[in-house]
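Below is one structure; the comments refer to it alone.
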Amino acid sequence: SEGLSSDNISYLKNSKNYGNITQTVGTERPTDADTGGIVGTNFKYSVVENCYNQGSVSVEASNVGGIMGTNYYLGQKCENAGEITNTKHYVGGIVALNIGQIIECKNTGNIMASTTSSSFVGGIIGIHRKSILGNSVLEPMAEKCSNSGNVQGNNYVGGILGRLGEAI
């Protein structure tokens, strides 16, 4: 995991990244990277708020996002302006793999999955799986988000969300 914090265990607020992030795949986890411009993995009961990424994030594995690689809880009022690229699946302007909530986030950077087998690419979220927040199925997984960056991929590509669904 890369970014300003490898694993966020409580609260990360008002942080900015201007540096470029590159990661090559190691032998420990050869296909999953969980790489973000701000935090690699945002765990359950952790909040990433009012964070900004301008650096490019380029990874040769899955789960690559402008703010977070994977989000299990809450990201809010964050913005990505950096270019996000990878060679596998799950790429998002804010988060690649979302299992929590994303609120009032904005992406202006270009998002690209660069191989013909690349899937689940979104301007805000690459793929959203069932939320672990609360008991209500009506809780929003993304609310008041916007994307103005270009989004490029092969399967399940969207301006806001690449895929909404449980199965991967």
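Observations on the structure shown:
- Per the conditions (1) modelled with pLDDT of 95 or more; (2) farther than 21 Å from residue 15 by Cα; (3) hydrophobic (A, V, I, L, M, F, W, C), the sole criterion not satisfied by residue 138 is (1).
- In summary, no strands (runs of 3 or more DSSP E) completely within region 41-82 bear 3 or more residues that are under 27 Å from residue 152 (Cβ atoms) and touching a Cys at 6+ places or on another chain (Cβ under 9 Å).
- Listed conditions (1) crowded, with 19+ Cβ neighbours inside 10 Å; (2) in a loop (DSSP other than H, G, I, E, B); (3) of a type in the set (Gly, Ala, Ser); (4) modelled with pLDDT of 90 or more are all met by residue 3, apart from (4).
- So residue 133, is it touching a strand residue (DSSP E or B) at 6+ places or on another chain (Cβ under 9 Å) and modelled with pLDDT under 95: yes
- Residue check for residue 121: within 14 Å of residue 155 (Cα to Cα), of a type in the set (Val, Ile, Thr) and touching a residue at least 60 places away in the same chain (Cβ under 8 Å): no
- Test for residue 108: is it touching a residue at least 40 places away in the same chain (Cβ under 8 Å), open to solvent by 10 Å² or more (accessible area, probe 1.4 Å), of a type in the set (Val, Ile, Thr) and under 22 Å from residue 18 (Cβ atoms): yes
- All positions within region 83-93 that are in a loop (DSSP other than H, G, I, E, B) and either closer than 17 Å to residue 53 by Cα or of a type in the set (Ser, Thr, Tyr) (or both): 83, 87, 90, 93
- Residue in region 12-50 that is surrounded by the most Cβ atoms within 10 Å (Cβ to Cβ), counting only those that are of a type in the set (Ser, Thr, Tyr) and at pLDDT 90 or above: 35
The values are calculated or read from the model by the stated rules, or taken from the named source; none is laboratory data. For clarity, every value in this text was computed on a predicted model and none was experimentally measured. Cβ coordinates were reconstructed from backbone atoms using ideal geometry, including for glycine residues, and neighbour counts include every protein chain displayed. Please note that ligands, DNA and RNA were not included when accessible areas were found on the heavy atoms of the full protein model with its side chains. Shrake-Rupley method; radii C 1.70, N 1.55, O 1.52, S 1.80 Å.
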